[in-house]
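Chemist: Here's a structure for you.
Just so it is clear, none of the values below were taken in a lab; they were calculated from the coordinates. Computed from a predicted model, the values in this text were never measured in an experiment. All Cβ positions, even for glycine, are placed from backbone atoms using ideal geometry, and neighbour counts span all protein chains on display.
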Amino acid sequence: MITENKHITGYSAYWRVLIFLLAMTFLTVTVTWINLSALTVLMALIIATFKAGTVLTYFMHLRYESSLFKILVSMVLAVYVLVIILTFSDYLFR
Amino acid sequence: MEEHRDDTAARLGMWVFIFTEILLFGGLFLVYAVMRVRYSAEFHQSAHQLDALIGTINTVVLLVSSMTVAMSITAVQQKNNNLATMLLLITLVCAGIFLFNKYVEWGHKIHLGLYPGSELMVSLKHGEILFFSLYFFMTGLHMLHLVVGAIILTIVMIKVKTGSIHSESYVLLENGGLYWHLVDLIWIFLFPLLYLIT
C-alpha cells in the first residue's frame, strides 16, 4: 500500500476560496451589464477561467498533487485551446 | 494476502476520465462559439429569454456544494466522519436545489411550447433554433452529469457514515469529489455563455 504524506487543507482556507469564487461570480454578472459586445464576452470568459483555475487548484487539490497531474492538466487544456484556435482560424476566414 | 492499493493511481484514473469530459463539453462549447459568431444577433435575442437570476442562484449553489464536498475530505482526514457525512448531505441538498431550479426553468420553456422538435421551435429563425437546441442539449447533458455525481456522492456518503471510508482510506471520497468539481467547472462556463451574454 502506498501512503503519501497528505496535505490537509483547513476549513477556513476553503471558506476563503468560496468567498473569492462568489466575488468573481458577482463581478461576472455586473460586468455583463455593461454591453461592449465582444469585449464583454471576453471579460466574462476571462473571469470564468480564473474561477475554473481556482476550483482546479484548491478544491480539486491540484496544488498539492505531484507535478505529473499539473503537467497533464496543462497539456489537455493546451490541446483544447489549440483546437479552438485552429477552428476559428479556419472559420473566420471562409 | 495484502491488498495492493495505489491512491495516486486511483486519483490519476479519475483525472484521465475528467480529461475526456473536458474534451466532450469543450467540443460543445466550440460548436456554441462558432454558431454564436455566425448568428450573433439571434443568439443575443434568444439569450434574453433565459432567466439570469435562476442561473446565478444555480452558480452560487454549485460553488457552495464544491466547498462542502472539499471540506468533507478534510473532515475524514481529521477522523470526523459525522461532520463529513453532514457536509456530504449539504452537498446533496445543493444538488437537489439545482435540479429543482432546472425543473422550474425547463418546465417554463416546455410549457410555452419551446423544446427540441416542437412546432414552435421549428418555426423560429435558424439562429434561434440553434441557440435553444444548444441550450437544451448542453444544460441537459450537464444535468445528467449532475445526477450521476449525486448518485456517486450518495454512495460515498453512506460509506463515510458506515466507516468503510475513513482517515486511512478515502480515495473514493476524493474521486467522488473530483467528479463533482467537474460538474461545477462545466457550469462555471455554461452560466456566462448561455445566460449572461446579452
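Chemist: What full-extension length gain, to one decimal in nm, is calculated for A:TYR91 and A:ILE19 as 0.36 nm per residue of separation minus the Cα-Cα distance? All intermediate terms of the calculation are to be shown ahead of the outcome.
Modeler: On the way: separation 72, 0.36 × 72 = 25.92 nm, distance 3.92 nm.
In short, 22.0 nm is gained.
Chemist: May I ask you to derive the FRET efficiency for B:LEU99 and B:LYS161 from their Cβ-Cβ distance with R0 = 22 Å, giving the value to the nearest 0.05? Walk me through the numbers on the way to the answer.
Modeler: Details: r = 23 Å, r/R0 = 1.02.
It comes out at approximately 0.45.
Chemist: With a cap of 16 neighbouring Cβ atoms within 10 Å, and only residues DSSP puts in a loop, list the trypsin sites (Lys or Arg not before Pro) found in segment A:1-82.
Modeler: Filter output for segment A:1-82: A:LYS6.
Chemist: Note the full-extension length gain between B:HIS4 and B:LEU141 as 0.36 nm times their separation in residues minus their Cα-Cα distance, in nm to one decimal.
Modeler: Additional length available on full extension: 45.7 nm.
Chemist: What's the longest uninterrupted piece of chain B once you rule out the GluC sites (Glu not before Pro) that are loop residues per DSSP with at most 10 other Cβ within 10 Å?
Modeler: Working: sites that count: B:GLU2, B:GLU3, B:GLU168.
Free of exposed loop sites, the longest segment is B:4-167.
Chemist: P(r) tail for segment B:1-153, what percent of Cα pairs lie past 18 Å? Walk me through the numbers on the way to the answer.
Modeler: Details: 8027 of 11628 pairs.
It works out to 69 percent of all Cα pairs.
Chemist: Between B:GLU21 and A:LEU62, take the C-beta separation as r, use R0 = 22 Å, and let me know the FRET efficiency to the nearest 0.05. Could the numbers behind the result be given before it?
Modeler: On the way: r = 16 Å, r/R0 = 0.71.
The computed FRET efficiency comes out at 0.90.
Chemist: Same structure, new question: Does anyone have the angle between helix A:38-54 and the longest principal axis of chain A? Alpha-carbon axes, 0 to 90°, nearest 10?
Modeler: Around 10 degrees separate the two axes.
Chemist: Checking the table A:LYS70/B:LYS102; B:LYS109/B:LYS161; B:LYS109/B:LYS159; B:LYS79/B:LYS102; B:LYS102/B:LYS159; A:LYS70/B:LYS159 against a 31 Å threshold on Cα-Cα, which pairs fail? If you can, show how the numbers build up before the last one.
Modeler: Values: A:LYS70/B:LYS102 34 Å; B:LYS109/B:LYS161 40 Å; B:LYS109/B:LYS159 39 Å; B:LYS79/B:LYS102 36 Å; B:LYS102/B:LYS159 29 Å; A:LYS70/B:LYS159 29 Å.
Exceeds cut-off: A:LYS70/B:LYS102; B:LYS109/B:LYS161; B:LYS109/B:LYS159; B:LYS79/B:LYS102.
Chemist: How much mean residue ellipticity at 222 nm does chain B get from its helices, if each DSSP H run of length 4 or more adds -39500 (n - 2.57) and you divide by all residues, to the nearest 500 deg cm²/dmol? Could the numbers behind the result be given before it?
Modeler: Working: 7 runs with 160 residues, N = 198.
Computed mean residue ellipticity for chain B: -28500 deg cm²/dmol.
Chemist: Moving to a separate point now. Determine the distance separating the Cα centre of segment B:16-82 from the Cα centre of segment B:140-180; give it in Å without decimals.
Modeler: Cα centres, segment B:16-82 to segment B:140-180: 18 Å.
Chemist: Still on this structure, please answer the following. If N is the number of residues in segment A:1-60, what value comes out of its Cα radius of gyration divided by 2.2 N^0.38 Å? Write out the running numbers ahead of the final one.
Modeler: Values: Rg = 15.9 Å, N = 60, 2.2 N^0.38 = 10.4 Å.
Taking N as the residue count of segment A:1-60, the ratio is 1.53.
Chemist: Are there chymotrypsin sites (Phe, Trp or Tyr not before Pro) in segment A:11-66 that DSSP marks as loop and that have at most 15 other Cβ atoms within 10 Å, and which are they? Walk me through the numbers before you get to the answer.
Modeler: Working: sites: A:TYR11, A:TYR14, A:TRP15, A:PHE20, A:PHE26, A:TRP33, A:PHE50, A:TYR58, A:PHE59, A:TYR64; in loops: A:TRP33.
Sparse-neighbourhood loop chymotrypsin sites (Phe, Trp or Tyr not before Pro): A:TRP33.
Chemist: Decide, for the protein assembly as shown, between rounded, prolate and oblate: order the square roots of the alpha carbon gyration tensor eigenvalues as a ≥ b ≥ c, take rounded if a/c falls under 1.5, and otherwise choose prolate if a/b is larger than b/c, else oblate. Numbers along the way, then the final one.
Modeler: On the way: a/c = 2.05, a/b = 1.68, b/c = 1.22.
The shape class here is prolate.
Chemist: Rank the residues B:ASP184, A:ASP90 as a footprinting-exposure proxy: fewest other Cβ atoms within 10 Å of their Cβ go first. All intermediate terms of the calculation are to be shown ahead of the outcome.
Modeler: Details: B:ASP184 25, A:ASP90 10.
The fewest-first ordering by Cβ neighbours comes to A:ASP90, B:ASP184.
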